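Below: one structure, written as structure tokens.
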Amino acid sequence: MAGPILRTTNLCKDFGPVRVLFDMDFELQPGEIHAVIGENGAGKSTLVKILSGYHQPTEGQVLLRDRPVKFQSTKDAEDAGICMIHQEFNLANDLTVEENIFLGKERRRGLFLDKRYMKEHSREVLASLETDVSPNARVKNLSVSQKQMVEIAKAVSRNADVLIMDEPTAVLTRSEINVLFRLIRSLQAKGVSVIYISHKLDEVKELADTVTVLRDGYKVATQPIGELTEDMMATMMVGREMKDMFPDKDLEPKPDTVLDVRGVTSPGYAVDCSFHLKRQEILGFAGLVGSGRTELMEAIVGLRQRSSGQIEVNGQTASIHAYRDAISRNIVYLSEDRKGKGLLVEKTMGFNLTLLALKQYVRRLGMIDETAEAVSLRKAIEEFEIRAPSNTAVINTLSGGNQQKVALGKIMEVDPEILILDEPTRGIDVGTKQQIYFFIHELAKQGKSIIVISSELPELIGVCQRIIVMRSGHIVGDVSGAAINEEEIMRYAMGIKGGNNNEQQSAG
Amino acid sequence: MSSKAPAETQGASRFTLDFRTLGPFVALALLMILGTMINATFISSANLTNVLTRSAFIGIIAVGATFVISAGGIDLSVGSMAAFISGVMIIAMNHFVNTVGVNWTTVMIGMGLSVALGLAAGLANGLVTTKGRIDSFIVTLGTMGIYRSLVTYLADGGTLSLSFQLRGIYRPVYYGSFLGIPIPLWAFFVVAVIGWIVLNKTRFGRYCLAIGSNADVAAYSAINVDRIRTLTYVVQGLCVAVATIIYVPRLGSASASTGVLWELEAIAAVIIGGTALKGGTSRLWGTVAGAIMLSMIGNILNLTDAISQYLNGAVQGVIIIVAVLVQRSGKGR
Amino acid sequence: MKRVLGILLVLVLAAALFVPGQVLAQDQVTIGVSIPAATHGWTGGVNYWARVTADRLQEQHPNINIVLLTAGSAGEQANDLEDLVAIHNIDALVILPFESDPLTDPVDFVKQSGVFVTVVDRGLAREGIEDIYVAGDNPAMGRVSGEYMVEALGGEGKIVILRGIPTVIDNQRFDAFMEVVDETDIEVLDWAYAYWNRDDGFEVMQDFLARFPEIDAVWAQDDDIALGVIEAVKQAGREDELFIIPGAGMKEVIARVMEGDRLTPVNVLYPPAMIATAMEVTALVFVSDAPFMGTYIIDSPLITPENAERFYFPDSPF
């Protein structure tokens, strides 16, 4: 092989007065899967955004096959064979899957679009991803993971030489991830080079040939994967030892039940679900994406229609018909969809922080006490170690991890007793994840009760005292103590164990 | 996604923010300079008083529209609603002249009726939009036609005129002044101040912006989205009622042509003022400046024969677009 | 009104006397009436007279059926014409066209399908389509206004003009007025469109008053505009220095003329009741043997305190 296909020399990038990328020398060999890892703010996204034409470098050069290139736009980069799959979806919601795959690259026959070709080609690409998404489906009707698959299909269909993937597996299930990895390897076999950004070190270990670690805008190291263990990678990323990812399991639930859910059904999503939550308990909800976990929780807190079922809070029947009813009983829900449902991305941190608890800030004549709001914001920034350019920063300008901290701060404003956290660590870096795990633990220690929904089993196993498994809208398993292990949970989740009836539920 | 990366966007957005806030006032100042250059009469206090007083109707309605638009809705019915309320008010007052007499009580009854009708009409718009799950554009397009026909029907296709005796009593509400400032201007000012406080300092205002910014997030923040949205239309209805109370004594009449296109002028005032049509932001003082600008443009054109009357519409269009460009000019790439 | 009724009664009696068999034997006759919707005072008057006349004609002639449609735009009116022919199967059409040009062809189609056509007020763009043309005399309206202006000002002075909506009608009035005024020492300070609307009349006049320290007279051309102008003049306290010439014949303004108001000494008639004339004449075509064809011009006389009572219809909305 004749040298790297893509290379940068002394690459620097400034945003305003702030330098975020320092003297980056990065090399991508042909046909290589090259993982780029680092905490949020390490400069991963900035680096790949320069490579894909989103940003222009302040200093230094990008060389494609040893020739300097200057991409003015993503289109320039795509034309040169460099294609990026975005962390945030870049899909037109009202168009079909096929129209999205060919967006901007529509194939014509004469004056008209060659619909047949495009449909067939879309079908082929989707088939190679082993996904059941129809080319005719509207993107807005797809689940998050299906959207990700479409995003991947879109990039693959462009026949790129260099494929850049920014956190492609954040919303995918394990089986979807396996399919994706197979696809990446088959692309690799065809000579495609892949730059793969991920927070999931196990995936990196499994997939990558080479790893580049970034920290605070500098390159720490580039090494073949064989020389590295997950612990070593984590240590390089954070610059400190990472052996204690999860807090100690030193807490036992108190005997009193704070939340008792009986026979809750949300039409089309959750069927006759019953479970309970004890004081000081951290209860996990596992299951494949689409198993109805989110919808069940939304039904419980009044964000979704409930056709039947009863909810008791602290032993008393609670009639919860709207989310505000849940709030008044000190139950909060953190949405999995941070940008779509959790935070107003165009508003400031302060605006978001107090939105749920605004009632507490109302003073004489209905006026909001802005001084008190500012105090709360300063406290939240300190408590959650939120890193923002200024206290008036708009959510959009924060990293995912810091956004999530604001979202947590927002729900903590109402001083909840029961917290339902839906994918609390999705799309955030290892360091922040660890902070969140310890935060959850600390809450339980204070006597609060917590439900955690997550698609990352190690996380649930690391944090929770008990794990309920859902499949196709039913609660199919309830494991605790020594029974908590990945194999057992997957057996329930995949339907090998547990069946469709609810015999297994609520063992305690 | 770097936590440092935001520096650029943050800096830029703060600059834009200032310009968005100041923009309408810069445009207004430029327009005033232009007006004075065209005809010195423009800057005379008599003329400025006329212009500002005229801007009061659209201005007061536009304050209400700022609520609706910032919460992500739109109300096209305001012009027809004003005509309808004017009509009912006139009929009612003419009726009460016979029973209650020619006095302030009759006028007060008319005013009370106006407020009641405004609130009811706004509530209707709001409830149909939220409970019926119909786009506000369609709902208010419908009610726009309904109110317009109702006033035509009430007026029998002609004009409803307020009894001449009552006009004498009611007249000062438009033509009178307090501390040298015309009453309509006071009303405009008071409505704007209250509007600003409610929008910027209360929970309701904060919720409007949250809903306009992203209704899903608002719902997931335990906000009663439907109720807040409905209330924005009620506020709009109330503003229309206040505008009507000031409008009726001016000419003492209402007809099918009353308030035609006021809805577009009100919306234009809001947008010129820097509030985004898609919702989520509000610039109430910008709205005030926008409303004043709109009536100023017409005034300046009437003060000159340098521009062909046939081109009035074109000049207005250009000035409106330039005004919006001025406030965006800080954005730059 | 009484007069018209009287004439009509005589005509009907005559028809009944001379051709009784024919009337009784006659089939049902459907007359379609298409007019603009009541968007301002004058069209409101047209609507009123059309409705009143329709009721009366149907009562008097059991075999006459009248279908009255109002349209908000020229396009809507064209659709109405199609409906009148296709659905109502009309024998005669009385139309006050929204605008001349766009409705010429649609009316021609109606004519070609064998319908008797009466056009009111606004002439079609091509001649020879209509059977009867009942026309208001727009140039006369401008001319009469101009002549009064010249006479009242003694041939010199400063005036401002408020025009209606930019249309053929407005141009005809304006041109005829200017033709008269141009030959004198009267100076037209400026003109502006006030869209036959009170609010615009008020605002334009406010600006003219601010701009011109000396105005001797205002040609408002329309009663709605004039009512707005009156308020603006009163507000500026300049009632004593100028007078206003309105136009059309709104009852409120006629009442002012009757009372001898200094501000509006006269009015110039342009009666919305011309629709009634047209409908009556058209009805007569079917109930009488006398030939009714050709052009009927409704004059635009000057209304003065002396003759104002003749033009005062307190029941009309206009």
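The values are calculated or read from the model by the stated rules, or taken from the named source; none is laboratory data. Given the structure is predicted, the values throughout are model-derived calculations rather than measurements. Every residue, glycine as well, gets a Cβ built from its backbone with ideal geometry; the counts of neighbours run over all protein chains shown.
Per-structure values
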read-out: Criterion violated by B:Glu263 - all others in (1) within 30 Å of B:Arg203 (Cβ to Cβ); (2) within 11 Å of another protein chain (Cβ to nearest Cβ); (3) not hydrophobic (A, V, I, L, M, F, W, C) satisfied; value: (2)
read-out: Residues of the range A:372-395 satisfying the condition of being within 11 Å of chain B (Cβ to nearest Cβ) and in a helix (DSSP H, G or I); value: A:Glu373, A:Ile395
read-out: Within the range B:97-123, tally of residues that are more than 19 Å from the chain's Cα centre (by Cα) and in a helix (DSSP H, G or I); value: 12
read-out: Boolean, C:Tyr133 is away from chain B (no Cβ under 14 Å), buried (at least 19 other Cβ atoms within 10 Å of the Cβ) and not in a helix (DSSP H, G or I); value: yes
read-out: Flag if A:Gln404 is within 14 Å of chain B (Cβ to nearest Cβ) and farther than 22 Å from A:Pro255 by Cα; value: yes
read-out: Residue count for the range A:21-67, restricted to those that are β-branched (Val, Ile, Thr), more than 14 Å from every other protein chain (Cβ to nearest Cβ) and over 29 Å from A:Arg182 (Cβ atoms); value: 1
read-out: Boolean, A:Pro30 is in a loop (DSSP other than H, G, I, E, B) and either more than 29 Å from the chain's Cα centre (by Cα) or surrounded by fewer than 16 Cβ atoms within 10 Å (Cβ to Cβ) (or both); value: yes
read-out: Among the residues listed as B:Ala215, B:Ala256, B:Ala243, the single one being surrounded by fewer than 22 Cβ atoms within 10 Å (Cβ to Cβ), touching a helix residue (DSSP H, G or I) at 6+ places or on another chain (Cβ under 8 Å) and within 14 Å of another protein chain (Cβ to nearest Cβ); value: B:Ala215
read-out: Matching residues, the range B:193-212, being crowded, with 21+ Cβ neighbours inside 10 Å, within 19 Å of the chain's Cα centre (by Cα) and farther than 13 Å from B:Ile61 by Cβ; value: B:Leu199, B:Gly205, B:Cys208, B:Leu209, B:Gly212
read-out: When residues of the range A:374-430 are limited to those that are in contact (Cβ under 8 Å) with a residue 60 or more places away in the chain and among the acidic types (Asp, Glu), the one farthest from A:Ile468 (Cα to Cα); value: A:Glu413
read-out: Verdict on B:Leu185 being more than 9 Å from every other protein chain (Cβ to nearest Cβ) and over 22 Å from B:Met81 (Cα atoms); value: no
read-out: Count - residues of the range A:33-46 that are outside any loop (DSSP other than H, G, I, E, B) and touching a strand residue (DSSP E or B) at 6+ places or on another chain (Cβ under 6 Å); value: 7
read-out: From the options C:Pro265, C:Pro314, C:Pro213, C:Pro246, residue that is within 14 Å of chain B (Cβ to nearest Cβ), at pLDDT 90 or above and either farther than 30 Å from B:Ser45 by Cα or under 18 Å from the mean Cα position of the chain (by Cα) (or both); value: C:Pro246
read-out: Test: residue in the range A:60-76 that is in a helix (DSSP H, G or I) and farther than 25 Å from A:Lys140 by Cα; value: yes
read-out: Residues of the range A:77-90 that turn out to be part of a strand (DSSP E or B) and either farther than 25 Å from A:Pro135 by Cβ or within 14 Å of chain B (Cβ to nearest Cβ) (or both), as a count; value: 2
read-out: Test: residue in the range C:261-283 that is closer than 23 Å to B:Thr159 by Cα, surrounded by fewer than 21 Cβ atoms within 10 Å (Cβ to Cβ), out of contact with any strand residue (DSSP E or B) (no Cβ under 8 Å at 6 or more places or on another chain) and in the same structural domain as C:Ile245 (by TED's automatic domain parsing); value: yes
read-out: Single residue of the range B:295-312 satisfying the filter (outside any helix (DSSP H, G or I) and more than 9 Å from every other protein chain (Cβ to nearest Cβ)) that is surrounded by the most Cβ atoms within 10 Å (Cβ to Cβ); value: B:Ile307
read-out: Residues being of a type in the set (A, V, I, L, M, F, W, C) and at pLDDT below 85 - total across the range A:223-232; value: 1
read-out: The range C:282-305, residues that are outside any loop (DSSP other than H, G, I, E, B) and either without any contact (Cβ under 8 Å) to a residue 40 or more places away in the chain or farther than 30 Å from C:Gly146 by Cβ (or both); value: C:Thr282, C:Ala283, C:Leu284, C:Val285, C:Phe286, C:Val287
read-out: Options C:Tyr148, C:Tyr133; residue that is modelled with pLDDT of 90 or more and touching a Gly at 6+ places or on another chain (Cβ under 9 Å); value: C:Tyr133
read-out: Selected residue (criterion: nearest to B:Arg167 (Cα to Cα)) from residues of the range C:234-253 that are of a type in the set (A, V, I, L, M) and touching a strand residue (DSSP E or B) at 6+ places or on another chain (Cβ under 6 Å); value: C:Val253
read-out: Identity of the residue in the range A:296-316, surrounded by 18 or more Cβ atoms within 10 Å (Cβ to Cβ) and either in contact (Cβ under 8 Å) with a residue 60 or more places away in the chain or of a type in the set (Gly, Ala, Ser) (or both), that ends up nearest to A:Gly473 (Cα to Cα); value: A:Leu296
read-out: Per-region count, the range A:302-339, residues closer than 21 Å to A:Tyr269 by Cβ and assigned to a strand (DSSP E or B); value: 8
read-out: Qualifying positions in the range C:155-194 - hydroxyl-bearing (Ser, Thr, Tyr) and within 26 Å of C:Pro97 (Cβ to Cβ); value: C:Thr167, C:Tyr193
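For (1) touching a Ser or Thr at 6+ places or on another chain (Cβ under 6 Å); (2) surrounded by fewer than 22 Cβ atoms within 10 Å (Cβ to Cβ); (3) at pLDDT below 95; (4) not aromatic (Phe, Trp, Tyr), each residue gets a yes or a no:
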| site | (1), (2), (3), (4) |
| --- | --- |
| A:Gly400 | no, no, yes, yes |
| A:Val430 | no, no, yes, yes |
| A:Lys445 | no, yes, yes, yes |
| A:Gln465 | no, yes, yes, yes |
| A:Tyr492 | no, no, yes, no |
| A:Ile496 | no, yes, yes, yes |
| A:Gly499 | no, yes, yes, yes |
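Per-residue answers, yes or no, for (1) touching a strand residue (DSSP E or B) at 6+ places or on another chain (Cβ under 8 Å); (2) aliphatic (A, V, I, L, M):
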residue: C:Thr167; (1), (2): no, no
residue: C:Asp175; (1), (2): no, no
residue: C:Asp182; (1), (2): no, no
residue: C:Asp185; (1), (2): yes, no
residue: C:Asp190; (1), (2): yes, no
residue: C:Ala194; (1), (2): yes, yes
residue: C:Arg198; (1), (2): yes, no
residue: C:Val229; (1), (2): yes, yes
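The rows are residues; the columns are (1) crowded, with 23+ Cβ neighbours inside 10 Å; (2) facing another protein chain (nearest Cβ under 9 Å).
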site	(1), (2)
A:Ala318	no, no
A:Ile327	no, yes
A:Tyr333	yes, yes
A:Leu344	yes, yes
A:Thr348	no, no
A:Asn352	yes, yes
A:Val362	no, yes
A:Glu370	no, yes
